[in-house]
Every structure is written in structure tokens, then in C-alpha cells.
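Trainee: The structure that follows is given in the form of C-alpha cells.
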Amino acid sequence: MMRLGLRPLLTGTCSQTLFQKSWAAAAAAAGGGQARQRRCLFPGSPSSASHWSKVVSEAEKIVGYPTSFMSLRCLLSDELSHIAMQVRKLVETNHPLLNTARGFVSDSRNDLQMRGLVVLLISKAAGPSLTTESSLENDMVSGIYPSQRTLAEITELIHTAFLVHRGIVNIGELTSSDGSLKDMQFGNKMAVLSGDFLLANACTNLAQLQNSKVVEMISSAIGELVQGIYYENSNLVEKNGLTDNIGISTWKEYVFLSHSALLASSCQAAMELAQHDAGIQKMAFKYGKHMSMSHKLHVDIQPFLNEKSNDSVVFSLNSAPVILHQEFVGRDLWIKQIKEAQVKGNLTDYTKLRDAIKTGKGVTSAIDLCRFHGNRALEALECFPASEARSALENIVYAVTRFP
């Protein structure tokens with residue numbers, strides 16, 4: 001059986017050139033078309049893009065590792081480069097795999113590699129444990145073990161694999177404007193193949209860490225991620241524009257599975273690799289969980305804070321502000337508001353619906369919930385000694401809880 005292994009990391013101009021010859025070709029095609037409104041593969045970042053970029057840039061300097069190139073070892077492989085060239089066949093379609101390719105090349109919001117960066121930062125913030133042998137400390141680079149850097153890459157590969165898999169479209173929902181049926185089916189096959197390739201490489205490198213506890217943690221996180229995405233897809237908007245009647249507690253359970261479990265488990269696993277005790281591991285898990293919950297809430301809130309745009313901003317009817325709004329006004333009034341916002345052909349006037357939601361308490365309650373999880377994440381950091389890495393982790397929380 002052929003073994004799927006990662007090739008050595010290429011650096012400098014050579015890596016960028018090879019990268020542009022593969023995924024950039026598909027990304028250029030994606031840049032000319034409009035993104036599909038049905039699904040967002042690369043969710044928005046905090047409202048102040050420049051502030052967020054500065055936080056990420058400063059954090060990368062601290063860990064001494066450019067996380068923007070963290071997954072290139074896999075993306076630059078011959079197998080995936082070939083897949084990327086095949087993706088060019090989707091130029092005339094609206095297949096979301098094109099948006100995925102564009103995100104690989106130009107992550108202007110610094111959102112794609114955030115998880116690996118957090119794993120590296122919390123690894124450096126914790127440092128070596130008191131029981132760690134002095135010979136192992138000699139292997140540390142910028143205060144981080146090689147195994148922890150590998151774990152950060154594994155985390156990013158898993159996240160990227162699931163991003164690619166989420167780009168699979170429902171053939172039954174396609175319209176003539178999306179592209180030919182043959183091309184869309186081809187795009188789905190490419191999404192499955194490339195996502196599976198990334199996931200296989202992540203699992204191969206996970207086994208090479210030779211730590212059964214870490215394997216168990218990350219494997220459980222992958223299972224929870226699959227479960228969360230299943231729940232997420234099962235609660236998509238129905239044809240009549242209505243959503244399932246779920247409360248904010250259920251929403252938090254789903255979001256933990258689909259958005260927080262991987263980062264939380266990776267932070268905990270990073271502590272295990274450094275031989276930290278259960279208490280430190282628990283705090284690392286707590287930080288990863290609450291920081292990612294806060295980040296997801298921030299993303300959900302953004303469509304309701306943009307006062308300058310006169311265009312209709314499409315948002316998920318299963319986002320936190322909407323769920324909270326529904327809890328406050330009641331199911332009956334919520335259904336009435338959705339029907340009032342529907343126009344010809346059961347299409348939804350999102351501007352009208354957004355205005356109705358903004359008049360209630362849903363948005364302000366979502367902001368409060370975002371800050372609550374941010375505070376819980378900051379509490380978890382109190383067990384770590386003061387350092388640049390800890391300050392960077394705190395700044396990330398401040399960035400995702402910052403609102404105009």
C-alpha cells in the first residue's frame with residue numbers, strides 16, 4: 001500500500017513559485033466570480049481587520065514560525081498540485097472548491113492558520129514541565145518542542161481537510177447558473193479526494209508522534225468535528241425559510257463540536273507532549289474551547305454591525321444573534337418576521353430581516369456571550385507564567401471580543 005507522507009517543507013521563493021503554479025491558478029479563476037451564498041468556507045474575521053492582522057503578525061514573531069505557510073508541505077506535494085491543476089476545469093462554475101483554493105493562496109483575514117498559531121503560543125507559554133528531562137529541553141526551538149510544532153501542523157491539516165470537504169455541494173440544489181452538472185460532479189470528486197489526502201497526511205503524522213494519549217485526544221476531536229458538521233447540516237434552513245427551533249444551549253453544544261473541539265483538544269495535547277500535569281492540560285483545553293467559541297460568536301455578530309453597506313448581507317439563520325432573538329421574541333413572532341421578509345419565490349430579504357433582529361436583544365446578548373467566553377479564556381491563562389506568548393494569547397482574546 002502506498003504511504004501518504006509529507007515532503008520536506010520548502011521555503012523562500014521556490015515554495016511560493018510552486019504554490020502559485022498549482023493552487024494560485026485555481027484561485028485566480030475564483031477571484032472573478034461571486035462567492036456562493038449558501039456556504040462560507042472562510043468565515044470573516046474580527047471587525048477591525050488591521051488590528052487583527054497586527055495581533056496575528058506579532059504572535060507569529062513570538063513563536064518564530066510563519067504559520068501562514070504551515071500547511072504548505074502538503075499543499076506543495078505532487079499529488080495535491082495535480083489536483084489543483086484539475087480544479088482549473090471548474091473556472092466557469094460556482095463550485096465552492098474555487099473559494100477554498102483562493103483562501104489557500106490569499107488569506108487576507110489571517111483566519112485560516114489561527115488554530116496552529118494558538119497551539120504554538122500556548123506551547124511556548126507553558127514551557128517545559130518540571131519533570132521534563134534536561135536533554136529534551138535542548139530540542140526546543142524558540143521555547144517550543146518539535147513535536148508541538150508537528151501537532152500545530154496536524155491541527156491545521158485536519159481543519160483544512162474539513163474546509164475542503166465542506167465545499168461539496170448538493171447536486172439536487174443546483175441551478176443552471178451554477179454550472180454544468182458534469183463539472184459540479186467533478187468538483188465534488190476533487191473536494192473529496194483532496195480533503196481525504198490532507199486528512200490521511202494528518203493521521204500519518206499523528207501516529208509518528210508516538211504518543212497514544214495525544215492520538216486519542218485528536219482522534220476524539222475528529223469524531224466530534226464530524227458529529228458537529230452533521231448537526232450543522234441537519235439544521236440548515238428548510239425550503240420555506242424556517243429553521244429548527246433550537247435554543248442557545250443547543251447551539252453552544254453544536255458549535256463546540258464543529259468549531260471548538262479540535263482547537264481545545266490540540267491545546268491539551270500540546271501540554272501532554274511537554275509532560276505537563278492534568279491541571280495544566282485542563283486549563284489549556286479551557287482556553288482553546290472558550291477562545292474559539294468567542295471567535296465563532298464574533299463572526300456571527302459581524303453582519304449585524306455593518307452600518308455602511310446598503311447591500312443585503314446574507315447571514316445564517318442559525319447564527320447566535322438569530323437564535324437569541326428567537327428566544328426573546330418567541331417562535332410564533334419569529335416565524336411571522338421570516339414570512340414578512342420573504343419576497344417573490346420564497347427568497348428572503350435579509351436586509352429587512354436583519355433590521356427586525358437588530359431591534360431586539362439578540363445582537364447585544366450575543367456580544368455579551370462573546371465577552372463571557374472571552375473572560376473564561378483569560379481566566380484559563382492565569383495558571384501560566386507571564387510571558388510574551390501569554391500576552392499574545394490574551395491579545396487574541398481581546399481582538400475577538402472587540403466591537404465598535
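The values are calculated or read from the model by the stated rules, or taken from the named source; none is laboratory data. Every value quoted in this text rests on a predicted model; they were computed, and no experiment measured them. Cβ placement follows ideal geometry from the backbone for every residue including glycine, while neighbour counts extend to all protein chains displayed. Ligands, DNA and RNA are excluded from the accessible area calculation, which covers all protein heavy atoms including side chains. Shrake-Rupley method; radii C 1.70, N 1.55, O 1.52, S 1.80 Å.
Yes/no matrix, rows are residues, columns are (1) touching a Cys at 6+ places or on another chain (Cβ under 8 Å); (2) surrounded by fewer than 19 Cβ atoms within 10 Å (Cβ to Cβ):
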residue	(1), (2)
Glu272	no, no
Met283	yes, no
Gly288	yes, no
His298	yes, no
Leu324	no, no
Phe328	no, yes
Asp332	no, yes
Gln342	no, yes
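Trainee: Taking the range 154-170 on its own, how many of its residues are more than 14 Å from the chain's Cα centre (by Cα) and of a type in the set (D, E, K, R)?
Mentor: Summing the residues that are more than 14 Å from the chain's Cα centre (by Cα) and of a type in the set (D, E, K, R) in the range 154-170 gives 0.
Trainee: Within the range 355-389, how many residues are assigned to a helix (DSSP H, G or I) and open to solvent by 50 Å² or more (accessible area, probe 1.4 Å)?
Mentor: Counting residues in the range 355-389 that are assigned to a helix (DSSP H, G or I) and open to solvent by 50 Å² or more (accessible area, probe 1.4 Å) gives 12.
Trainee: For Thr359, indicate whether it is of a type in the set (Ser, Thr, Tyr) and touching a helix residue (DSSP H, G or I) at 6+ places or on another chain (Cβ under 8 Å).
Mentor: no
Trainee: Could you check how many residues of the range 390-404 are assigned to a helix (DSSP H, G or I) and under 11 Å from Leu297 (Cβ atoms)?
Mentor: Counting residues in the range 390-404 that are assigned to a helix (DSSP H, G or I) and under 11 Å from Leu297 (Cβ atoms) gives 1.
Trainee: Oh, and also: Does the range 302-311 include one or more residues that are in a loop (DSSP other than H, G, I, E, B), on the phi < 0 side of the Ramachandran plot and of a type in the set (A, V, I, L, M)?
Mentor: Looking through the range 302-311, at least one residue is in a loop (DSSP other than H, G, I, E, B), on the phi < 0 side of the Ramachandran plot and of a type in the set (A, V, I, L, M).
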